[in-house]
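Let me begin by presenting the structure, written as structure tokens, before commenting on it.
The values are calculated or read from the model by the stated rules, or taken from the named source; none is laboratory data. Note that the coordinates shown come from a computational prediction; the quantities given were computed from them, not determined experimentally. Cβ placement follows ideal geometry from the backbone for every residue including glycine, while neighbour counts extend to all protein chains displayed.
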Amino acid sequence: MYRIGQGYDVHRLAAGRALRLGGVAIESDLGPVGHSDGDVLLHAVVNALLGAIGAGDIGLHFPDSDERFRGADSARFVAEAMVMVRRQGLAVVNLDATVIAEAPRLSPYRQSMEGRIAGLVGVEGERVNVKFATAEKLGPAGRREAIEAQCVVLLAPAEESREGKS
Ligand code: MG
């Protein structure tokens, strides 16, 4: 049986914080305020994976009240979510995500982000797509007060998802 999940996350932006997206370090004057490394894209990925297996959300599994997760590399959250996915005999078919940020320009980082996420969820790079949108200067993302990400992921039984390499 196929399973689909969607994920969303938002982080406040502040000066002097390191910006990481999809596990990739991004050059930026602003970065996320967060308990972990604040990687909004990986958090949306985790929410999508957990959603697809009916396992709640990132806050349930990795609460920001937990000192163990202070400054944590969010790749660890994706890896742990993938353990839960595999435990159910499932694997990722494909993953599609959007980052909503007014600046900086993110397209130069697209390939690295897609490659990093593909590695984390165990698929070839062409099965991961990362899109970028500005907010047309509207709302918190448009004013650079926040950065947002959305993600959808499709899961299939582990054997089936390996059929047809692309
Ligand atoms: Mg988050």
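Which residues, taken from the range 125-147, are over 25 Å from Asn94 (Cα atoms) and assigned to a loop (DSSP other than H, G, I, E, B)?
Ala135, Glu136, Lys137, Leu138, Arg143, Arg144, Glu145
Here's a check for you: in the range 45-69, which residue that is on the phi < 0 side of the Ramachandran plot and small (Gly, Ala, Ser) is nearest to the ligand (Cβ to nearest atom)?
Gly59
Kindly list, by first and then second residue, each pair from a residue in the range 44-57 that is within 17 Å of Ser74 (Cβ to Cβ) to a residue that is of a type in the set (D, E, K, R) and part of a helix (DSSP H, G or I), limited to pairs with Cβ atoms under 9 Å and residues at least 6 apart or on different chains.
Pairs found: Val46/Glu80.
Out of Gly56, Gly7, Gly51, which single residue is closer than 30 Å to Pro157 by Cβ, touching a helix residue (DSSP H, G or I) at 6+ places or on another chain (Cβ under 7 Å), surrounded by fewer than 24 Cβ atoms within 10 Å (Cβ to Cβ) and among the small types (Gly, Ala, Ser)?
The match here is Gly56.
Residue by residue through the range 11-20, note down the ones that are within 12 Å of the ligand (Cβ to nearest atom) and crowded, with 16+ Cβ neighbours inside 10 Å.
Residues satisfying the conditions are His11, Arg20.
This table checks each residue for (1) of a type in the set (Ser, Thr, Tyr); (2) in contact (Cβ under 8 Å) with a residue 60 or more places away in the chain; (3) out of contact with any strand residue (DSSP E or B) (no Cβ under 8 Å at 6 or more places or on another chain).
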{"residue": "Ser36", "(1), (2), (3)": "yes, no, yes"}
{"residue": "Arg76", "(1), (2), (3)": "no, no, yes"}
{"residue": "Thr98", "(1), (2), (3)": "yes, no, no"}
{"residue": "Ser112", "(1), (2), (3)": "yes, yes, no"}
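Cβ-Cβ below 6 Å, separation at least six or inter-chain, first residue in the range 1-15 and within 18 Å of Arg143 (Cβ to Cβ) and in contact (Cβ under 8 Å) with a residue 60 or more places away in the chain, second away from the ligand (no atom under 15 Å from the Cβ) and in a strand (DSSP E or B): which pairs?
Listed pairs, sorted by first residue: Leu13/Leu30.
Report, by residue number, each residue of the range 26-79 that is at pLDDT below 95, more than 22 Å from Ala14 (Cα to Cα) and in contact with a Ser or Thr (Cβ under 8 Å, 6 or more places away or on another chain).
Phe62
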